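Enquirer: My questions will all concern the structure given below.
The values are calculated or read from the model by the stated rules, or taken from the named source; none is laboratory data. This one's a predicted model, so the numbers in the text were calculated from it and none came from an experiment. For neighbour counting, all protein chains shown are included, and Cβ atoms are generated from backbone atoms with ideal geometry for every residue, glycine included. Side chains are part of the model used for accessible areas, which takes the heavy atoms of the whole protein and leaves out ligands, DNA and RNA. Shrake-Rupley method; radii C 1.70, N 1.55, O 1.52, S 1.80 Å.
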Amino acid sequence: MRDSTDFRTTVRRGTRGVQPCLIAHVASGSDERTTVGFVVSKAVGSAVDRNRVKRRLRHLMRDRVDQLPVGSRIVVRALPSSASASWHTLGAQLDAALQRSSVLR
């Protein structure tokens, strides 16, 4: 997901799963493919920290995309505490956020 209107629509119309390190917004889409976007603001830390968080989240989502309904649109917003979170913590919180938004099977 790269278009700002896609991000905006997903965040506004999708269901939300909140965790201490991240928020997952999930909306159903009309496409036949699942799209995922990430929001990592400057509040997370320096550019190095933001890129590290983004890479971790991208890798974690790659393992979970097959479990999501086809055509889903997901925006994962990293919160400042995600910079110091471990890999396992981010994975567990991502699973919990997706389950809260009732999308993960």
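Enquirer: Across the stretch 86-102, what is the total count of residues that are in contact (Cβ under 8 Å) with a residue 40 or more places away in the chain and open to solvent by 10 Å² or more (accessible area, probe 1.4 Å)?
Expert: Going through the stretch 86-102 one residue at a time, the tally reaches 6.
Enquirer: Quick check on this structure: which one of Arg33, Arg8, Arg55, Arg62 is more than 23 Å from Ala85 (Cβ to Cβ), without any contact (Cβ under 8 Å) to a residue 12 or more places away in the chain and open to solvent by 70 Å² or more (accessible area, probe 1.4 Å)? Please lay out each step first, then the result.
Expert: Numbers: Arg33 fails: without any contact (Cβ under 8 Å) to a residue 12 or more places away in the chain; Arg55 fails: more than 23 Å from Ala85 (Cβ to Cβ); Arg62 fails: more than 23 Å from Ala85 (Cβ to Cβ).
Exactly one residue qualifies, and that residue is Arg8.
Enquirer: Among the residues of the stretch 36-45 satisfying the criterion of being in contact (Cβ under 8 Å) with a residue 24 or more places away in the chain and of a type outside the set (Ser, Thr, Tyr), which is surrounded by the most Cβ atoms within 10 Å (Cβ to Cβ)?
Expert: Ranking the candidates gives Val44 first.
Enquirer: Does Val48 qualify as being open to solvent by less than 80 Å² (accessible area, probe 1.4 Å) and more than 12 Å from the chain's Cα centre (by Cα)? Even if it seems obvious, please write down each step before you answer.
Expert: Numbers: open to solvent by less than 80 Å² (accessible area, probe 1.4 Å): no; more than 12 Å from the chain's Cα centre (by Cα): yes.
So Val48 fails the test.
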